[in-house]
1. Using bins 5 angstrom wide from zero, how does P(r) for the range 49-201 break down, in % of all Cα pairs?
2. Counting only residues 5 or more places away or on other chains, whose amide H sits under 5 Å from the amide H of Ala306 once H atoms are built in the peptide plane?
3. Could you work out the Rg to Rh ratio of the range 262-329, with Rh taken as the Kirkwood radius (inverse of the mean 1/r over all Cα pairs)?
4. May I ask you to order 164-176, 124-136 by the average number of other C-beta atoms within 10 Å around their residues, highest value first?
5. Over the Cα atoms of the chain, each weighted equally, I'd like the Debye log10 I(q)/I(0) at q = 0.06, 0.07, 0.13 Å⁻¹, rounded to two decimals.
6. Need one value: the accessible area of Arg232 in square angstrom, 1.4 angstrom probe, rounded to the nearest 10.
7. So, how do all the Cα-to-Cα distances of the range 190-331 break down into 10 Å bins, in percent, from 0 on up?
8. Using the 4.7 Å Cβ rule, please list in number order the cysteines from the chain without any candidate partner.
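The values are calculated or read from the model by the stated rules, or taken from the named source; none is laboratory data. Bear in mind the structure is a predicted one, so any value in this text is a computation, not a measurement. Reconstructed Cβ throughout: ideal geometry from the backbone, glycine too, with neighbour counts over all protein chains shown. Just so you know, the surface numbers come from the protein's heavy atoms only, side chains and all, with ligands and any DNA or RNA stripped out. Shrake-Rupley method; radii C 1.70, N 1.55, O 1.52, S 1.80 Å.
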Amino acid sequence: MHALHFHFEFKVAKSTKTLLVVRCKVSECKWWLRATRVEDTCFFVIKVYRDEQLSSSCFEFHEARQATGWVVGECIKSKYEGVSCIYRPNDIVKDFERVHGFSITYGKAWGARESALHSLHGTVTHIESNSINRFKYCFMAIGPSLRGFRTCVRPEICVDETHLKGKYLGTLFVATCLDGNNQVYPLAFGVGDSENDDAWTWFFEKLNGAIGSMDSLVFISDRNASIEKSIRRVFPEVIHGVCMYHLGQNLKSKKFSDSVIPVFYKAAKSYNKVEFQHIMNQIRRFDAGNVFKYLSEGGFEKWSRAYFPGQRYNIMTTNIAECLNGILRDARTLPITKLMDHLQSLLQ
């Protein structure tokens, strides 16, 4: 977009999994930048940027080579967010020349239109194999589910995993939400080898690509360390909360008194900090502060509605994801290809 705005072209001098170097297409020009990958993330950060004054010869290119169908599609996809919007390739050609001062062909405009529509409405699927070309991961998000999530559904996603029971085992990853009627709204599914950092990171990277950037996005999960670590890597700006029910079950497993569990749930669902602190003081007096210490170490902002830094609405647990896992109890015995067919049929 920078190159299009200033009417010059750049070339990729070096591109690897950890390094990207680009230079102005004119060899004598000193404009260039160098970006490196941030460790354990999918993001690159610009380390060196030489913004030298571009010479007149840098502006002699009129083909807008950087204006690929995907780039133009990203510029215009907001035009297609309405279900009845009509925005033809000829309109794209005219608007692009008016806004950016570049002419693009009708074919490129058509490709941009298709790219934008696919980005907004298309079903997203990914399959990854290992070094010997055997299945490793897969991801699927149905187009209408993605479109509905971006336009109608509160930006809060519950993620969970459940074990597959077929011959080759594995883990099913689920991302789901609540619709306006507080009914389960499936968003995306994935399959991996187990609940590890790599599998969860891969799933969240594909989910990020499917839903794009969203303001005020919230994730809710159990206290799985791989989930928390992967969300930090892929969605660094997102707020992550934990399931109230799972934390209550942890209190039971640590042999705290059963009588304190209902009081903890009441504190978690409190809407204001004064009421929350009043209930937590009761918990502190009730169990000599041991429960209070355990809950405070977990971070009030993670599980309490009163201290949660984002909009948690009424989603205090991951029950909607657990519900979806229950619906798929029998389907989890199927081979992976049949499982994906079943999910598609179930949603459609």
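1. Result returned by the calculation: 2, 8, 13, 13, 12, 12, 12, 10, 10, 6, 3, 1, 0, 0.
2. Ser270
3. That ratio equals 1.07.
4. Descending mean neighbour count gives 164-176, 124-136.
5. Debye curve over Cα of the chain, log10 I(q)/I(0) at q = 0.06, 0.07, 0.13 Å⁻¹: -0.31, -0.41, -1.12.
6. Per-residue accessible area (Arg232): approximately 140 Å².
7. 11, 37, 33, 17, 3
8. Among the cysteines of the chain, those whose Cβ sits 4.7 Å or more from every other are Cys42, Cys58, Cys75, Cys85, Cys138, Cys152, Cys158, Cys177, Cys243, Cys323.
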